[in-house]
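Here the structure is laid out as structure tokens; the discussion comes afterwards.
Please treat every number below as a calculation from the coordinates, not as lab data. Predicted model only: the values in this text are computed from it and were never measured. When we count neighbours, we look across all protein chains shown, and the Cβ atoms used for this are built from the backbone with ideal geometry, even at glycine.
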There are 2 protein chains.
Amino acid sequence: MEKDTYSQHISRQYNRELEEVKAHLLEMGGMVERQVALAIEALIEGNSAAAQDVRDTDRNVNTMEVSIDEECARILARRQPAAGDLRLVLAISKVNTDLERVGDEAGKIARQAIQLSEEGAASKGYIEVRHIGVRVCDMLHRALDSFARLDAEQALEVAREDKAVDREYNSAIREMVTYMMEDPRQITRSLNVIWALRSLERVGDHARNIAEYVIYLVVGKDVRHIGLEEMAARVHGD
Amino acid sequence: MEKDTYSQHISRQYNRELEEVKAHLLEMGGMVERQVALAIEALIEGNSAAAQDVRDTDRNVNTMEVSIDEECARILARRQPAAGDLRLVLAISKVNTDLERVGDEAGKIARQAIQLSEEGAASKGYIEVRHIGVRVCDMLHRALDSFARLDAEQALEVAREDKAVDREYNSAIREMVTYMMEDPRQITRSLNVIWALRSLERVGDHARNIAEYVIYLVVGKDVRHIGLEEMAARVHGD
């Protein structure tokens, strides 16, 4: 009887540790989501104080990355998780890396925002930045939400969305190039916008990566590097 | 006595599994090293067949990434590694992600090589591509070598080198921008070169990430997101 109570206690504590590290990851996710959104605003509004805010937050994100990896290592060492619990810890450790790199991209967008506010705003590309920005922020949000709710179906939608974002990104870059050729005095500023677009496209890639880890976590199958149709088949157990 | 032989057997097999996954990782490392070098050659020589080769190899790299992560998960589930063994498995799993992304960057350089061979070679920037390319290939090679030999000192040098590469990259980009302003007809081709430079700079970042995981593995301390001086202090146990 006493032993039973003891193992229940252990198992309750173990579950709490798993829930905690998951909560920390989602907290970090919320933080980088806000960073990306703020960096986009900073660029479009020419608000260099907001851009500086984004860069300052990066330190907190970095600290969280290290601490979440420590939690994962501690759980692996002490609890020796198996099956679904092991997949959870491994997925957290991978998503952690992607989130930190999203934070890096937000920092890069903020840097372009600061340069644009110094050089004078670019005259083209802001509509594209806002448009693609809204899409990738939404992707990131839904990827994290699918992690929170273990929703493989929603994760699959995020992966699908990435293709559409890539198309929009390529068309935005083509427009920027045409524009630079028409007005070479705008080259430096246009390049700042191009780098920001590139960072946003990378954020979309990271959201897709996160979605793929959610699918791995939920259905137990690795869906990296396969087409969307095969991915859907694995999610639906075909 | 029999039990002892049994546990020795288990432990020999366990060590073999650890050695094997490490060997697979280093094999994948060698593969992406060759991809990057070949992609640079393809770009400079305008050799689109070589570029296609790089893109074809990417599939093998992707397969290896998935299979190395499976090996790591299997070892964690069956062997429940602790201390240094656990750090090894975790470091392998992280380096695996970085290597796959290096393969992606090689693929992107190859894409620029194909476009340049179609549009006609760019007239500037090749010297910089070759120069930065040689440096990041060397960084990647030494990062993997420091992993193979568990050499934290060499890993520290790789991290140091990354700063120098970033400076060279920034100066190369500035030159390309000046050049585009002087001759706007070269904008498209110059952008192809700029994307290739950007990819090389990212390869340098990944080499640095790998070096940081080597230090974590060898000295047991996380050295991400700290300055080089503090990193050196942790390596030297100050």
>> Which one, B:TYR14, A:ILE187, B:ILE210, is farthest towards the positive end of the dipole of the protein assembly as shown when Lys and Arg carry +1 and Asp and Glu -1 on their Cβ?
In response: B:TYR14
> When the helices in the protein assembly as shown are scored as -39500 (n - 2.57) per DSSP H run of 4 or longer and the sum is shared across all residues, what 222 nm value do you end up with, to the nearest 500 deg cm²/dmol?
Replying inline: -31500 deg cm²/dmol
> Where the label is 7 Å out from Cα toward Cβ, how close does B:ASP56 come to the same position in every other copy, in nm, shortest first?
Replying inline: 5.4
>> Would you work out the Kirkwood radius for segment B:5-235? I mean one over the mean of 1/r across all pairs of different Cα atoms, in Å.
In response: 18.6
> Which ³J(HN,Hα) values, rounded to whole Hz and listed in residue order, are derived for segment B:92-100 from phi using the Karplus coefficients 6.51, -1.76 and 1.60 in 6.51 cos²θ - 1.76 cosθ + 1.60 with θ = phi - 60°, glycine and proline given as x?
Replying inline: 4, 5, 6, 4, 3, 4, 4, 5, 4
>> Which aspartates and glutamates, if any, have their Cα less than 14 Å from the Cα of B:LYS124, not counting same-chain residues under 8 positions apart?
In response: B:GLU45, B:GLU175, B:GLU182, B:ASP183
> Can you list the HN-Hα couplings for segment A:111-124, worked out from phi with the Karplus curve (6.51, -1.76, 1.60; θ = phi - 60°), rounded to whole Hz and with x for Gly and Pro?
Replying inline: 5, 5, 4, 5, 4, 5, 6, 7, 7, x, 4, 6, 9, 9
>> Using each residue's phi in segment B:42-53, evaluate 6.51 cos²θ - 1.76 cosθ + 1.60 at θ = phi - 60° and report the 3J(HN,Hα) Karplus result to the nearest Hz, with x for Gly and Pro.
In response: 4, 5, 6, 8, x, 9, 6, 5, 4, 4, 5, 3
> Nearest 10 degrees, 0 to 90: what angle lies between the long axis of helix B:152-182 and the longest principal axis of chain B (Cα atoms)?
Replying inline: 20
>> Charges on Cβ only, +1 for Lys and Arg, -1 for Asp and Glu, centred on the Cα centroid of the protein assembly as shown; of A:VAL89, A:LEU26, A:GLN112, which one is farthest towards the dipole's positive end?
In response: A:VAL89
>> Given points 7 Å out from each Cα along the Cα-Cβ axis, report the B:GLU119 to A:ASP151 separation in nanometres with one decimal.
In response: 4.1
>> Within 13 Å, Cβ to Cβ, of B:ALA82, how many net charges do the neighbouring residues add up to if Lys/Arg are +1 and Asp/Glu are -1?
In response: +4
> If you stretched the chain out fully between B:HIS24 and B:ALA233, how much longer would it get, using 0.36 nm times the residue separation minus the C-alpha to C-alpha distance?
Replying inline: 72.1 nm
> Given Cα pairs under 8 Å that are at least 6 residues apart, what percent is the relative contact order of chain A?
Replying inline: 24
> Distance from the Cα centre of segment B:150-204 to that of segment B:41-80, in angstrom?
Replying inline: 24
>> Which one, A:LEU99, B:GLY125, B:ALA42, projects farthest toward the positive side of the charge dipole computed for the protein assembly as shown from Cβ point charges (K/R +1, D/E -1)?
In response: A:LEU99
>> Strictly over 20 Å apart at the Cα level, which of A:LYS108/B:LYS163; B:LYS94/B:LYS221; A:LYS22/A:LYS163; A:LYS22/B:LYS221 would you flag in this model?
In response: A:LYS22/A:LYS163; A:LYS22/B:LYS221
> Given H placed on each backbone N at 1.01 Å, which residues far from A:VAL223 in sequence or on other chains put an amide H within less than 5 Å of it?
Replying inline: A:TYR216
